Structures are given as C-alpha cells and as structure tokens.
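**Student:** Sharing a structure here in structure tokens format.
The values are calculated or read from the model by the stated rules, or taken from the named source; none is laboratory data. Remember, it's a predicted structure, so these values are computed and weren't measured experimentally. So basically every Cβ, Gly included, is an ideal-geometry build from the backbone, and we count neighbours across all protein chains shown. Surface accessibility is based on the protein's heavy atoms, side chains included, excluding ligands, DNA and RNA. Shrake-Rupley method; radii C 1.70, N 1.55, O 1.52, S 1.80 Å.
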Amino acid sequence: LGSIGKMLVRGLALIILVLPAVSAFAPVSFAGCSGRLSSSLAQRPSGLSLRGGTAAVHMSADDQIVVKQPDDKEKEMAASWPTWGCGVSKFPWSYEDRESCLVLEGEVTVTPNGGGEPVVIKAGDWAVFPKGMSCTWDVTKAIKKHYNFG
C-alpha cells in the first residue's frame with residue numbers, strides 16, 4: 001500500500017475502534033431499528049452487542065429464552081425502561097448480559113445459534129434473554145419494546 005492507502009486503513013481502524021464508544025450515547029439505527037441506547041454511563045446497556053458470524057452456543061435449560069405474560073408489577077417496572085424499535089428485518093444478535101423486555105408492538109422469531117428452538121415473541125409478551133446467548137432475530141412485524149439489562 002502507498003502512503004495514502006496506509007492513511008485510509010489507519011483512519012478506518014480508528015473509526016471501528018471509536019464508533020462503538022460514541023454510539024453507546026446516541027440514537028442508533030440498524031436495518032430499520034432505532035432507539036436510544038443510553039443517555040448516561042449509568043444506563044449504558046453494555047450487555048447488548050451486534051455481531052456477525054455464526055459462532056455456536058451450547059445452552060442449558062437455564063439458558064433458554066423465557067416468554068410469558070407479564071404481571072402488573074412487571075408492566076409497571078418496564079414502563080420506566082428505555083424503548084427500542086425495529087422494522088421488518090433479519091439480523092444476528094448477541095447478549096453479553098441478561099435482558100428482560102416487554103414487547104409493546106410487533107412480532108419477532110428469535111432463533112438461538114447452536115441448535116436452539118425458534119421462539120416467537122409478540123406484542124404483550126414479557127421475554128428474558130440469557131447472558132451469553134447468540135441468536136438471529138427475524139422481525140416479521142415492526143417491533144417496539146421496553147428493555148433492561150442485568
């Protein structure tokens with residue numbers, strides 16, 4: 001590579017390293033998805049990461065996606081959480097921390113990597129995603145949810 005090529009490679013490397021830190025404090029958009037990831041360090045959802053690839057994850061019974069109807073306490077608690085939304089799309093997703101969410105609108109089929117059974121989650125559902133899970137989200141109806149990590 002010439003000197004211009006090397007400068008471009010260095011600039012791209014810097015963007016790749018800096019962009020995740022910057023985007024954690026700004027509205028995000030990916031494949032029709034949007035939301036505010038965080039407005040402060042205290043709220044930063046470090047458990048959420050978007051990754052490509054198909055690394056297999058072997059899950060035990062404790063590592064399954066839990067979907068149920070929320071009780072009144074869960075609905076009240078979720079109302080104060082941030083929201084995230086996504087249009088019809090399909091993408092890989094990984095959880096570095098446990099996520100609980102209340103789906104307000106839409107429908108998604110989440111398929112865990114490594115042979116897990118697909119799970120359909122729709123408006124009105126309470127879902128819990130285990131720490132360490134990698135999966136594919138197939139959003140079939142635009143989705144909106146309240147979410148919380150930890």
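**Student:** Going by amide H atoms built from the backbone, whose H comes under 5 Å of the H on Gly114, apart from near neighbours?
**Tutor:** The answer is Val57.
**Student:** Follow-up question, since we're still on this one. Keeping every protein chain present and rolling a 1.4 Å probe, give me the accessible area per residue for the stretch 67-116 in Å². Walk me through the numbers before you get to the answer.
**Tutor:** On the way: 2490 Å² over 50 residues.
On a per-residue basis, the stretch 67-116 sits at 50 Å².
**Student:** Please list the three semi-axes, largest first and in whole Å, of the ellipsoid equivalent to the stretch 70-127, using sqrt of 5 times the eigenvalues of its alpha carbon gyration tensor.
**Tutor:** Working: eigenvalues 91, 35, 29 Å².
So the equivalent ellipsoid measures 21, 13, 12 Å along its semi-axes.
**Student:** Another question, then. Highest mean first, what order results for 65-78, 112-125 on Cβ atoms within 10 Å?
**Tutor:** On the way: 65-78: 13.0, 112-125: 15.4.
Descending mean neighbour count gives 112-125, 65-78.
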